[in-house]
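See below for the structure under consideration.
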Amino acid sequence: MGSSGSGKSTLLNILGLLDGFDEGEYVLAGESMADLSERVAAKYRSRFLGFVFQSFNLIGFKTAMENVALPLYYQGVSRKERNVRAMEFLEKVGLTDWAEHLPNQLSGGQKQRVAIARALVGKPRVILADEPTGALDSKTSREVMTLLRDLNGEGITMVVVTHEHDIAELCDRIINLHDGQILTDTVNV
Amino acid sequence: MTGISIALGVFILVVMQGLGFGLQNGVKEQFADDAVNSIWVQSGRTQLSYRGNQANRRIQMRESDVEAMFNEMDTVYAYSRRIRIWGMQMESGDKAGNFPVRGVDPDHQMLENTKLSHGRYISQRDVDEATKVAVIGTTLVEEIYDGENPVGTHLTIGGVLFRVVGSFDDPANRWENKMAYLPFSTANKLFRAGNDKVDQIIIGTGDMPITATTALTDHLLTWFKERKSVHPDDQRGISLENNNEEYEKFQNIFLGIELFIWGIGLLTLLAGAVGVANILAIAVKERTKEIGVRKALGATSSSIVGLVVQESLTLMIVSGSLGLVVGVGLLEFVSPMIDHEYFKNPQVDFRIALLALGILALVGVLSGIGPALRAVSIRPVEALRDE
């Protein structure tokens with residue numbers, strides 16, 4: 001966690017292979033991620049990483065189910081298989097009944113749950129969440145964090161960026177950033 | 001909006017093509033009448049005095065001139081002498097009228113491009129034996145026969161009974177339709193008292209190249225002037241008209257019209273294409289975020305290009321087809337209603353329609369490429385940055 005401008009989102013973008021880095025080393029699944037071509041980066045993203053954004057970033061003209069199925073499309077999964085798996089993950093976030101709804105027919109919490117289902121559907125090793133609760137009220141924030149914790153319990157690494165202390169308190173390890181430097185790195189019991 | 005402008009572009013292309021085609025058909029039919037492969041020889045009154053002859057002397061071509069002229073030519077592909085008589089009394093049953101007459105040779109049909117509606121034309125045997133047969137125009141048929149098939153009936157021309165062996169209709173030539181064609185020899189014997197005067201000579205040039213026909217025209221003109229003692233600079237005494245030059249001129253005009261129409265159509269299409277590229281550029285900008293998300297979710301560059309190009313292609317094809325269908329529909333609808341002298345049978349070649357669609361598809365892909373490349377260059381980080 002850290003305040004605005006501390007570099008947390010940049011770190012997350014680098015971790016997510018959305019941005020390049022100039023110094024240091026980044027090893028994901030045993031392979032160096034330095035100087036990847038756009039193509040290879042896209043491949044790693046699709047295989048290892050899932051993203052959850054503050055503003056959800058669902059595609060407006062696609063239904064919840066289609067949004068969830070999108071990463072599978074880029075992995076080359078057949079339409080039938082995509083839909084089955086998308087429904088499976090919508091069920092996991094408790095939105096089976098909302099599968100045919102468009103994003104603007106969903107509440108903020110529901111949208112974020114669709115986004116989480118979308119991040120999960122590609123069976124990633126790591127989920128990168130950039131202020132996942134930034135646009136939600138405290139009750140839905142808590143629900144979303146509970147969902148993320150449960151998923152963490154299933155063996156998926158979660159990286160959550162936030163500037164809210166009570167959200168950070170729900171994580172196992174807290175890294176404090178300030179002006180691009182690590183201030184503290186504590187294990188939260 | 002873009003869809004509409006593309007549809008409009010194709011619509012205009014199709015309609016212009018159709019109209020151009022109609023114009024071309026009409027004009028072609030007008031000139032196809034007698035503008036094909038022929039040289040026309042006419043005589044008149046001299047303008048200049050020459051070799052002791054006064055000016056304003058009437059030059060008369062004679063059959064001996066025709067014979068001698070053939071000796072000046074390598075090949076005579078076709079020819080017809082012509083006698084003109086401006087008005088003859090014609091009667092059949094209780095109907096009568098005054099109509100012009102021409103005495104001609106069999107090749108005249110081909111040289112004047114006369115289309116028979118019934119029966120046959122003047123034959124060589126008719127000319128050789130000076131038979132009393134006539135081939136009459138459709139106006140004559142209307143006025144004397146009430147439009148019924150006149151073949152086999154008898155028609156009194158200038159007090160002499162002729163058998164009608166054929167009728168013709170030349171839609172582009174109302175004057176000709178009033179006419180009765182007789183064998184040259186018959187007309188000469190009966191109405192010219194058997195003298196050997198020839199009013200006009202038409203020479204078919206077959207497949208001679210234009211330069212050869214021009215050379216032949218020049219040669220014959222000089223030769224004729226010398227033979228008839230006409231001053232070399234005289235314009236009227238003897239004149240030759242080479243239709244091949246005219247024909248080529250018209251061919252060039254047609255080509256010009258065609259190029260003009262294509263130019264307009266293609267420029268309209270181009271305008272449509274620019275519109276598509278523009279709209280796509282805006283669409284890509286609007287969808288920066290979506291494209292960023294897709295990239296974050298594992299989309300490769302090629303799949304993004306595919307997405308944009310496919311969209312542009314769909315837009316082009318769908319709206320292009322719409323314009324095509326409406327344009328062709330309009331032409332089909334309007335075509336039967338139009339029947340003007342210079343405008344006939346507007347239609348669009350199926351191949352042109354297909355070509356237009358092909359061009360649309362190509363333009364669709366090309367106009368999609370720019371925005372697509374911009375879409376690819378979008379960096380997901382920037383795209384996803386919250387406002």
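The values are calculated or read from the model by the stated rules, or taken from the named source; none is laboratory data. As the structure is a prediction and not an experimental result, all values here were calculated from the model. Here the Cβ positions follow ideal geometry from the backbone for every residue, glycine too, while neighbour counts run over all protein chains shown. Note: accessible area is taken over every heavy atom of the protein model, side chains too, but ligands, DNA and RNA are not part of it. Shrake-Rupley method; radii C 1.70, N 1.55, O 1.52, S 1.80 Å.
Quick notes on this structure:
- The residues of the range A:52-87 that are closer than 16 Å to A:K123 by Cα, surrounded by fewer than 24 Cβ atoms within 10 Å (Cβ to Cβ) and at the interface with chain B (Cβ under 7 Å from one of its Cβ atoms), listed by number, are A:L70, A:Y74, A:Q75.
- The residues listed here are A:T140, A:T186, A:T146; of these, the one that is part of a strand (DSSP E or B) and not charged (D, E, K, R) is A:T186.
- Check on B:S80, in contact (Cβ under 8 Å) with a residue 24 or more places away in the chain, touching an Asp or Glu at 6+ places or on another chain (Cβ under 7 Å) and surrounded by 19 or more Cβ atoms within 10 Å (Cβ to Cβ): yes
- Set side by side, the residues A:L11, A:L15, A:L49 differ, and just one is at the interface with another protein chain (Cβ under 10 Å from one of its Cβ atoms) and within 15 Å of the chain's Cα centre (by Cα), which is A:L49.
- Residues within the range A:4-22 that are open to solvent by 60 Å² or more (accessible area, probe 1.4 Å) and either aromatic (F, W, Y) or in a loop (DSSP other than H, G, I, E, B) (or both), tallied: 3
- Failed item, numbered, when A:N104 is tested on (1) within 20 Å of A:T63 (Cα to Cα); (2) touching a Phe, Trp or Tyr at 6+ places or on another chain (Cβ under 8 Å); (3) not aliphatic (A, V, I, L, M): (2)
- Counted residues, the range B:91-135 - those being in a loop (DSSP other than H, G, I, E, B) and of a type in the set (K, R): 3
- Candidates B:N244, B:N188, filtered to the one that is touching a strand residue (DSSP E or B) at 6+ places or on another chain (Cβ under 7 Å) and of a type outside the set (G, A, S): B:N188
- Restricting attention to the range B:256-309, the residues that are at negative phi and within 14 Å of chain A (Cβ to nearest Cβ) total 22.
- Residue match in the range B:242-263 (condition: in contact with a Lys or Arg (Cβ under 6 Å, 6 or more places away or on another chain) and under 30 Å from B:D218 (Cα atoms)): no
- Test for B:V66: is it closer than 21 Å to B:D199 by Cβ, of a type in the set (A, V, I, L, M) and open to solvent by 20 Å² or more (accessible area, probe 1.4 Å): no
- Restricting the first member to the range A:166-189 and to residues that are under 19 Å from A:I156 (Cα atoms), and the second to residues that are among the hydroxyl-bearing types (S, T, Y) and open to solvent by less than 50 Å² (accessible area, probe 1.4 Å), the beta-carbon pairs closer than 9 Å and six or more apart or on different chains are A:I167/A:T133; A:I167/A:S141; A:A168/A:T162; A:C171/A:T162.
- Leading residue by the ranking (nearest to B:A55 (Cα to Cα)) among those in the range B:233-263 that are open to solvent by less than 20 Å² (accessible area, probe 1.4 Å) and in a strand (DSSP E or B): B:I238
Conditions tested, residue by residue: (1) within 27 Å of B:R62 (Cβ to Cβ); (2) touching a strand residue (DSSP E or B) at 6+ places or on another chain (Cβ under 6 Å).
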site: B:V160; (1), (2): yes, no
site: B:V165; (1), (2): no, yes
site: B:R174; (1), (2): no, no
site: B:L182; (1), (2): yes, yes
site: B:G204; (1), (2): yes, yes
site: B:D207; (1), (2): no, no
site: B:A215; (1), (2): yes, no
site: B:V230; (1), (2): yes, yes
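- Only listed residue being open to solvent by 20 Å² or more (accessible area, probe 1.4 Å), more than 9 Å from chain B (Cβ to nearest Cβ) and among the charged types (D, E, K, R), chosen from A:E38, A:E25: A:E25
- Counted residues, the range A:149-171 - those being in a loop (DSSP other than H, G, I, E, B) and surrounded by 11 or more Cβ atoms within 10 Å (Cβ to Cβ): 7
- Residue in the range A:36-50 that is of a type in the set (A, V, I, L, M), part of a loop (DSSP other than H, G, I, E, B), without any contact (Cβ under 8 Å) to a residue 60 or more places away in the chain and over 30 Å from A:A99 (Cβ atoms) present: yes
- Test for B:L313: is it open to solvent by 40 Å² or more (accessible area, probe 1.4 Å), out of contact with any helix residue (DSSP H, G or I) (no Cβ under 7 Å at 6 or more places or on another chain) and without any contact (Cβ under 8 Å) to a residue 60 or more places away in the chain: no
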